[in-house]
1. Have a look at B:L593, B:L611, B:L630 and point out the one that is within 14 Å of chain D (Cβ to nearest Cβ) and of a type in the set (A, V, I, L, M).
2. For region D:15-46, what are the residues that are farther than 28 Å from D:Y85 by Cβ and within 7 Å of another protein chain (Cβ to nearest Cβ)?
3. Consider region B:597-608. How many of its residues are open to solvent by 40 Å² or more (accessible area, probe 1.4 Å), of a type in the set (G, A, S) and either over 23 Å from D:I91 (Cα atoms) or within 8 Å of chain D (Cβ to nearest Cβ) (or both)?
4. Step by step: first the residues of region D:1-14, then only those that are within 7 Å of another protein chain (Cβ to nearest Cβ) and not β-branched (V, I, T), then the one that is nearest to the chain's Cα centre (by Cα). Which residue is that?
5. Part of a loop (DSSP other than H, G, I, E, B) and either in contact with a Lys or Arg (Cβ under 7 Å, 6 or more places away or on another chain) or within 7 Å of chain D (Cβ to nearest Cβ) (or both): is that true of C:G100 in this structure?
6. Within region C:2-9, identify whether any single residue is within 14 Å of chain A (Cβ to nearest Cβ) and either open to solvent by 30 Å² or more (accessible area, probe 1.4 Å) or within 30 Å of B:A604 (Cα to Cα) (or both), and answer yes or no.
7. Inside region B:127-243, counting only helices (runs of 4 or more DSSP H) that do not spill past its ends, which hold 2 or more residues that are under 30 Å from B:G22 (Cβ atoms)?
Amino acid sequence: MAEVLDVAVRLIVIVVAFLLLPLIVGQMEHKAMAHMQSRLGPMYAGGFHGWAQLIADGVKFAQKEDVIPAAADRRVFAIAPAVALVPYLVVLVVIPVGPGLVGADVDAGLFFVLAVMGVGVLGAIMAGWASANKYSVLGGMRAAAQLMSYELPLVLAASSVAMAAGTLSLEGIAEQWRWWWLPWQAIGAVVFFVAGLAELRRPPFDMPIADSEIIMGTMTEYTGIRFALFMLAEYAGIVVLSALTAVLFLGGWQGPLLPGPVWTLIKVFVLAFVVIWVRVSFPRLREDQLQKLAWIGLVPLALLQLALTGVVKVLMA
Amino acid sequence: MIPVVALIVLLPFAAAAAGLLGSRWPRGGSRTEANDRAAARRAAWFAIAPGTASLLLTLWLAVWSARASGSGGTAFWAGLLPGSTEGTLTVVDTGSVPISVTLRADGLSILIGVLVVVVALAVQVYSVGYMRDDPRYASYSAFISLFTSAMLLVVYAGDLIVLYAGWEIMGLCSYLLIGHWWEDRANSRAAVKAFLVTRLGDVGFLFGIFTLGMAAGSFRIDAVLSADIPTGTLITATMLLLAGVAGKSAQVPLQTWLPDAMAGPTPISALIHAATMVAAGIFIVARLYPAFLGAQPTLDVLGVVAAVGMLGAALAALAQNDLKRVLAYSTISQLAYMAGGLAAGSDKAAIFHLLTHGAFKALLFLGAGAVIHHVGSNLMSHMGGLRTSIPFTFAGMTIGFAALMGLPPASGFFSKDAVIAAIEHSHSPAQPFLYAAALLTVGVTGAYAMRAWLRTFFGPSRVEALPEPEPGTAHVFDGREAPRSMLWPIGVLAVPALLLGFADVAEVDWGSALVSLIVGLLGAGVVYTFWRGAPHQDPARMLGPFRTACERAFYVDEAYRAVFARPILRLAHGVVRTDRQVVDGAVRGSGRLTMGLSGVVRLAQNGNAQLYVTGLLAGLLLITVAAVVLG
Amino acid sequence: MTSETPGFWPPSGPEVVFLLLGVVALGSALLVVTTRQLVHAALWLVLCFGALAGCYLVLTAEFVAWVQVLIYVGAVVVLLLFGIMLTRAPIGRSADLDSGNRWAAVLVALATAGVLLSVVVAGFGAAYAPLDPGQGAAKPLGSSIFRTWVLPFEALSVLLLAALIGAIVISRTDIRGRE
Amino acid sequence: MHIVYPVVVSALLFSIGVYGVLARRNAILVLMSVELMLNAVNLNLVAFDVWLRDRLHGGQVLTLFVIVIAAAEIGLGLAIVLAVYRNRRSIDVDRLRDLAEGDAPEVSPQSEVSPGRVAVGEDADREAGS
């Protein structure tokens, strides 16, 4: 009975976190971006600095009419947001917040995370195709191409750190982490983070939804709650990416003074802030630049990191 | 003397080679009129000069032979020309019976040789005028020379194979000359017919030679004649030889080519019908007469053939409208006389008639040529009343017709008399039949000669109403007497035609001569009576319903066509159809069958890879199941 | 091997789960080959692969399961969708996704199923394997690959490289063959 | 776990893949069906690996290899399919009949402008250019 209770508690915590953290990140984006652009951002909803703006947005989205284009493939169109969202929820299950503080300890956790995150892209492709809109299809194809390109550096960088730790378990990696891994795995960290951004289709890698070129890409035809789900998936993705980067490259809960889970959250939010920061700072890449960055930038760098890791590993052993 | 004989034979041959190769040299290429004329002139010299030389040599040979004290013999020429010579130039070893290239000149061959060279020279001279405007005169005269050479080879040959060579060359030359105006399809057909029909006889002839040669162990005529050959073999050999004789001498049943051979130029007709080709057959029998005498059945057959041939051909001649065809059938008839003489056992009478016939028939043909040359048509219905416009030709042809009818003192009277007397006195089983036919033929001969004479030279003139000349006939019409080069030969030939008979005047059997003379005059008189009644009309109408049959030569051609040509053609068609439908059909059918089967197989080969994989998997499953079930 | 082989009934928990996943996998596979919409086929393929990954999990082949998800769902299907889009698949039903030899295909497929089923049921009807968690974890598998199977692994990497180059050469129109 | 369960599932999956390969005319669908067959094989491999308790994990390792090969195969296969599509405007495998003996019935007369290349239907004139 205690086991069942344990599992139930863990799941509830995770669902709560899954609902809460993206909201916080979204609100942070609103405010941080506004301040970086020398404006106030949302100020009225909820009173203090418009803290309930995103909730209000959600209510507004929920109220909106659910429009599905006549030519669309209705079922695929309807499932697509879910396919985009659910993988991140699943991924959250295996991300440790502290020692033992994890939804489910999977032996090959890192692998699991990468595999499931790859599935998320399917949502974008499905949405793009099912909309029966040529901009959407273009967006879907861009999403697919982007995923194909960035999956490789992402996995390579992740495998570098897995190699360093000698395990695929996320908890194990975080435990093995030492401070000098920071310089050692720096390249891998950058590659992982950038590739993760690209996989999330966050600016400056948001070609699939590039509004100035293809209106809104995969999301052109989406309104209301489904659009909200896509937005939620995006912010959940930011949370997952930040958490993964924190666990893999920044030691997870390791840190002085403060308790482990707090450290984790701090690292996650710092990274989320960086994500927002990057969005505001960099212009959107062109499609060919995007591919070029992956294949002649990130992949060789990741391979370099892999070699470096291997060499150091052998030298230490 | 052999070199002289060889020279006599080779001179015309050289003339032929020179005429063929040299007449256009060195300006052969351009076919301008001036070139043609120059070539014709040169060809004429090439033809006539060696011919003259050959004639002179032959005469000298004759004089030498007459003076020599010969071995003698029963024949009259042995008395006239006793000298004989024989020489072998070379011996060709064949592995069995050797061929000796032997020439032989004796009384018989010298006599015939004189006839040949005289007629040949006359024809050559005559042709200069007759063929004046012909573009192919050069080859024409060269072929005549070659023809003469071949005939002389036959005459002087001392070996049967050598003789056969000349015999065959003659056949070739007759083909070439009859088809001289090959532009007209009928002419080339006539040439082919002459060639094929004589060739049919030649097959028998060749095998006859082989039989004789094998039996005697040599091809030399002396050896053959002196060899002791069994009678059966002799009969076989002579029967085979008879086929060749019938072919070359246009005897029944191979006579059909000769009337058609009139398609050639008239001088050629004179040459073929008077002196050379047809004479060759009679000459061969005379030459090998001892062998024939040893084979009495052959002579009997020859007699029957001659009897049928002389009367039938004479009747056919009576109904012809074409002057040359009249003469052609007349030739067949007269040759049958000679054959009859031979069958009756008198080679002397036959050769005598051959000589006189050669003279007067050449005369008649050359005269007919002059008439045709004058009128521009072969048909007697286009002639008439010509005695005033061409008196010289009229005189020459009158002599010729007189000789043909056997009127004294023309030569034909004596020679025909000799033949009839020989027949009368023979002891052949066919004698009564032969004698009756001979007498009847004398009457019919008188009739048709009279008819031709009257139709051509008397009666109303129809010259003015002539149409344009047709191809295949003489093609110049100038309305005057023929040129001198044509008249001279007529004049020259008229002399022997008139006088040659007196050579044998001592041996005339006056009784039988009187009978035949009366019969001949009777025939002529009937015709004259009919003609007097209506000079415009053809006296041949007296034949009544029989006339058409005579005109068509008793339908022999039609019969041959029905009996031989059509069945063979049908057989050939059948063979062709069999080949096309059965043999080719089998080949094509097997191909089509293969294609069809492969088409069925090809259905699977449709490029659809899925289908292939389906088949593959199905097969795999079957094999698996089989392996499990059977294993 | 345990000396005592449990019977087919009642099925154990993993067996129930496996059978359910198997049914899902087979059903979605059937839809893949029968659906008349191209993109749906790809999506059903995702479901099929996912279910198969679940099967692997039940069979304790954990690592293989995640590789299945990573490569098949994350890469292969995305590639297939990419291809479908590039070849301008229409939305909605396509009338002619099946070729003419459909019935032959049905026959052959049924025959294949019959043969295979009869063989495996006859051959392995009594076989039983107790499930032992941890057998397919990353560690034993990794050590096996890089110790025992390292040579095939290297050969495979060369093959992969060749395939990569080949795909690039084939798909790029600006690379021409030697004239 | 009774081994017969995964093996039966595998056999059925394989048969479904066979049907797909044989019956589908779209080349990409055929590729998908091939993947199904490969997966059936993988399932078999895993099942037998578990059954035989292979210490070297030959079955699972081979499964991984098969997955890798499948990825390579799908990459190359799609490249070929796209090249075909670029040239022909069609990826229907039953219309790619250059291997056919004689004239393939699908070749319309007006498309025989360029030998060696069977352009299908009305797309013949707007091919290439990509």
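The values are calculated or read from the model by the stated rules, or taken from the named source; none is laboratory data. This is a predicted model, so every value here is computed, not measured. Don't worry about glycine lacking a Cβ; one is built from the backbone with ideal geometry, like all the others, and counts go over all protein chains shown. Surface areas here come from the heavy atoms of the whole protein model, side chains and all, with no ligands, DNA or RNA. Shrake-Rupley method; radii C 1.70, N 1.55, O 1.52, S 1.80 Å.
1. Answer to the selection: B:L611.
2. D:S15, D:L43, D:V46
3. Within region B:597-608, residues that are open to solvent by 40 Å² or more (accessible area, probe 1.4 Å), of a type in the set (G, A, S) and either over 23 Å from D:I91 (Cα atoms) or within 8 Å of chain D (Cβ to nearest Cβ) (or both) number 1.
4. Top of the filtered list is D:F14.
5. yes
6. No, the conditions are met nowhere in region C:2-9.
7. B:137-156, B:160-178, B:185-216
Residue-by-condition table, conditions (1) open to solvent by less than 10 Å² (accessible area, probe 1.4 Å); (2) more than 7 Å from chain C (Cβ to nearest Cβ); (3) among the hydroxyl-bearing types (S, T, Y):
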residue	(1), (2), (3)
A:V91	yes, yes, no
A:I95	no, yes, no
A:G103	no, yes, no
A:L110	yes, yes, no
A:G120	yes, yes, no
A:A127	yes, yes, no
A:Y135	no, yes, yes
